[in-house]
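First the structure, in the form of structure tokens, and then the observations on it.
Values in this text are rule-based calculations from the coordinates and carry no lab data. These figures come from a predicted structure and were not determined experimentally. Neighbour counts are summed over all protein chains in view; Cβ atoms, including those assigned to glycine, are modelled from backbone coordinates with ideal geometry.
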Amino acid sequence: MPFKNWLFAAAVAMLLGGSLAGAISAPARAETVLNRGIGATISTLDPQVNFLATDGFILDDIYEGLIDYDANGQIVPGAAEKWDVSDDGLTYTFHLRDGLKWSSGEPLVAQDFANGIVRTIDPATASDKAYIFTTTVSVTGAADFNGGTNKDPASVGATAPDAKTLVIKLAKPAPYALLLMSSFYAPPLHKPSLDKFGKDFIKPENIVSNGAYKMIENVPQSHVTLVRNPNYWDAASVKIDKVVYRVTEDDNTAVKLWQAGELDLTIDIPSDQIDKLKAEFGDQVHVSSSTESVYESFNLKKPPFDNPKLREALSLAIDRDALINKVLKGGYSVNCSYTIPIPNYDAPKLPDCAMAKADRVAKAKQLYAEAGFGPDKPLSLAIESTNSDSPKKMAETIAVMWKQTLGVDAKVHAQDRDSWLAVFSAGTWDVFNDDLVGDFAGPESYLSYMDPRAEAGYNWPSPEYEATIDKALAVGDQAGRYKLLAETEKILLDSYLTAPVAAGPNRHLVRSSVKGWGDNPPDWHSSRLMSIEAQ
Amino acid sequence: MFAYAIRRIIGSVPTLFALTAITFIMMRIAPGGPFSGNRKITKDALANIERAYHLDEPLWLQFARYVWGVLHFDFGPSMTYRDYTVSELIRAGFPTSLEVGMWAMLLATLTGIALGIAGALRRNQPIDYVAGALAMTGLAIPIFVIGPILQLVFGLRLGWLPLADWPGDFAHKIMPVVTLALPNIAYVSRLMRGSMIETVRTNYVRTARAKGIGEWRTIARHAFKGAILPVVAYLGPATAVTITGSIVVEQIFGIPGIGRYFVTGANNRDYPLMLGVTLFYGAIVIFANLLTDIARGLLDPKVSYE
């Protein structure tokens, strides 16, 4: 066929094909692509194993849990269209939507969700997040099954009486349990593909998932490509056709890629660039509070830190305003509670923050002297910190403040994250430059972590705290529970086991053409909620 | 020469074994473990994970298990990138590192030698000063500064070159290759210049000149062969370093190579990954040194393989 004719035939075929496709589906339009920077490389995309928030973005797009989060991080129905909670708060019954399907077209049933939970806590899975179901939300039988004392999966309190009903039984009330029924914690399991491919069941050529998108490509250290899943129950409202997650290990490069238009969203912004970028790009620079609480912990097992007066003096000697707003910046905000700011929760605050500087310093000096220290007998201590930029800067600044205000001989040990955690477990530290990223934006996540029975390693015996938090968690009604949790937090703050300092930031560059983005502390951003507006 | 190569390869086995043993011990001395990053993990769950990766066994057994695996070309599972084995990661990343590294070394060798010879033959003239200044810049400015500057100028401001990523086309290769080549250009040109200055003063070059051979032929046919020897000695190990990737260049330009594994493997206490890349690197260094020695034998009649 001569070239010209061939070209003509191709044009006709394209026209025909286009109008045919147009007649069948929506009017023809250009494919929309969302390019998301993902930061460091993916650890694992195994939905029951992964524990990293960054990989969680991808998993959230390809799997759907019983519940979803909206753009503001609030609970909305997911694969379950409704649910009932028993009066004692111990039984959750989820009712799945009609006609749910896996990306392969097979029906998705309640047992698939039960299988997901069982696999997460199966010792053979070796999952980092088994604790969610063994302790955070104590599903009955989960701890024994995970510990290997009971090997029968049927003993776990996650069962499916029929294809559309999932019943989860808890050993003790966990009023926040719904928040943990999302794709990140409770994705369903497609057992046939796991049985067939083993750990390769999540490779693009094998994967069967139930989210708004399905994965078609995964290049290690480079990118992951997702396309719409036509079998998703709400596929009609998914607006973006293709999502590309690009590995962006260097945050500065990610910013440049965003500036060049190659990325629509970044995973972070280097602290020193926020002001400059804000001046140039205005509200495309998103800086908001995260669920990270940043604090200094004192080792109660190591004198003289067992002296509450000394701990209070050290807390008072931290000028939080100067530390956060003049030195650290980068979107951190001063926080005088152990929990991060949470809507409807009236957190107790350290008195330190409300005091005038002169009073604060005077009281710090007085308590320091009462604890038996002074210019002739200065306290010497070491702050254990990671060698990441912001934590290190924070520890060094606090060391200087303690030195200037009280004359403390404070050193900073900056080390890699693993060494830092090893020092903590060894219990040899004086002061630990500490943080906690909450699993969800509720006071329960933080206060349960500090429960002396949770063996976090703080050596803090407090029957009073244990009794109060137990009482609080048994209350189903949020207002009543939050009131008791505030009492629990007050016990913690009064003990000066920790000196809270700041709430961490979520930092993203979001192109103005991307609609449907909402800042929220747990940092959930499903691609299915977003659209791209032509500019 | 063939027998010599075989002897050298056999002789490298104890070296690689020692390298494995030392790396294994050093990794275990470092505090922390591969799965200690999640502080909320329960003791039972941690025990489950450690059992799955055989970390609960005595050290000697873990070491024996590792060596046995290596003998079967199995470097074990990565504990950081849990969807992959170490062999898969190296297989996926090495071709890219090799490609960037080879282009960078080619560019560095050709440019460095040309600049070095030019500097030596035109000593204390403008071209020597320019070559010297270039070399000093290349040596003094670290690549983690050069890379972002190139990105800023050629990628963002001028828009001539793509900023990062590795789709395999020519344009995406330019900046990472140049960044990686710069320090090597500097080093090669300095070596070449010094060596050439010495060589042109030797008796055999003077003899060549006395015979009335033209200047260009004297340099190209006689002096060059002698002057290149120190450069060849440098190129072996330098190539081994360059083709196994650079974490800085890989991270800045988003290149899916293996250079980052040396750092992430160590930081995350990913024992199999760290051991795997170290062993792989060791083997490449040994091979590069062997090639260097063979090349020196071909260039220098004083070297014998016995």
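Details
- Rounded to the nearest 20, the Cβ-based charge dipole of segment B:1-123 about its Cα centre (Lys and Arg +1, Asp and Glu -1) stands at 480 debye.
- Using the Karplus relation 6.51 cos²θ - 1.76 cosθ + 1.60 with θ = phi - 60°, the per-residue 3J(HN,Hα) values for segment A:120-136 come to 4, 9, 5, x, 5, 6, 6, 8, 5, 10, 4, 4, 4, 9, 8, 10, 4 Hz, with x marking Gly and Pro.
- Evaluated at q = 0.11, 0.16 Å⁻¹, the base-10 log of the normalised Debye intensity for segment A:223-357, with identical point scatterers placed on the Cα atoms, takes the values -0.68, -1.01.
- Segment B:25-160: C-alpha gyration tensor shape, a/c 1.5 cut-off, then a/b vs b/c: prolate
- Centroid-to-centroid separation of segment B:222-283 and segment A:271-348 [C-alpha atoms, Å]: 41 Å
- Cβ-Cβ FRET estimate between residue A:278 and residue A:91, R0 fixed at 56 Å, reported to 0.05: 0.70
- Sequence-ordered 3J(HN,Hα) estimates for segment B:8-13 from the Karplus curve with 6.51, -1.76 and 1.60 and θ = phi - 60° stand at 5, 5, 5, x, 7, 4 Hz, glycine and proline given as x.
- Each distinct pair of alpha carbons in chain A adds a 1/r term; the inverse of their mean, the Kirkwood radius, is 25.5 Å.
- Taken along its principal axes, the alpha carbon cloud of segment B:115-178 reaches lengths of 42, 21, 19 Å, longest axis first.
- Each stretch of four or more DSSP H residues adds -39500 (n - 2.57); spread over every residue of chain A, this sum gives -9000 deg cm²/dmol at 222 nm.
- Ordering A:198, A:85, A:520 by Cα displacement along the dipole of chain A toward the positive end leaves A:520 in first place; charges were set at the Cβ atoms of Lys, Arg (+1) and Asp, Glu (-1).
- Unit charges on C-beta of K, R, D, E only; dipole of segment A:401-527, Debye: 520 debye
- Virtual spin-label span in nm between residue B:60 and residue B:21, 7 Å along Cα→Cβ: 1.3 nm
- Averaging 1/r over every pair of different alpha carbons in segment A:128-282 and inverting the result gives a Kirkwood radius of 19.4 Å.
- Prolate/oblate/rounded call for segment B:71-150, Cα gyration tensor, a/c under 1.5 rounded: prolate
- Of the residues A:446, A:510, A:187, the one whose Cα sits farthest towards the positive end of the charge dipole of chain A is A:510 (charges of +1 on Lys and Arg Cβ, -1 on Asp and Glu Cβ, taken about the Cα centre).
- Net charge, residue B:50 excluded, C-beta distance under 13 Å - Lys, Arg +1, Asp, Glu -1: -1
- Selection among A:37, B:196, B:22 by position relative to the dipole of the protein assembly as shown gives B:196 as farthest towards the positive end (Cβ unit charges, Cα centre).
- Over the residues of chain B, the helix contribution to mean residue ellipticity at 222 nm works out to -23000 deg cm²/dmol, using -39500 (n - 2.57) for each DSSP H run of at least 4.
- Direction-averaged projected area, Cα convex hull, segment A:410-535: 11.5 nm², rounded to one decimal.
- Extent along principal axes [Cα atoms of segment A:480-535; Å; largest to smallest]: 55, 27, 13
- Full extension of the chain segment joining residue A:356 with residue A:72 gains 98.7 nm, where the gain is 0.36 nm per residue of separation less the Cα-Cα distance.
- For chain B, the fraction of alpha-carbon pairs lying more than 38 Å apart is 29 percent, rounded to a whole number.
- Dipole magnitude (debye, nearest 20) for the protein assembly as shown, charges at Cβ of Lys, Arg, Asp, Glu: 3760 debye
- Rounded to whole Hz, the Karplus (6.51, -1.76, 1.60) HN-Hα couplings of segment A:288-302, x for glycine and proline: 9, 6, 9, 8, 8, 9, 10, 7, 9, 9, 10, 8, 5, 7, 10
- 10 Å Cβ shell holding at most 12 others, DSSP loop, chymotrypsin sites (Phe, Trp or Tyr not before Pro): longest site-free stretch of chain B: B:161-306
- Note on segment A:312-447: Lys pairs 8 or more places apart or on different chains, Cα atoms under 19 Å apart, count 21.
- DSSP beta bridges in the protein assembly as shown [antiparallel fraction, %, rounded to 5]: 75 percent
- Cα long-axis angle, helix B:59-71 against chain B (0 to 90 degrees, to the nearest 10): 50 degrees
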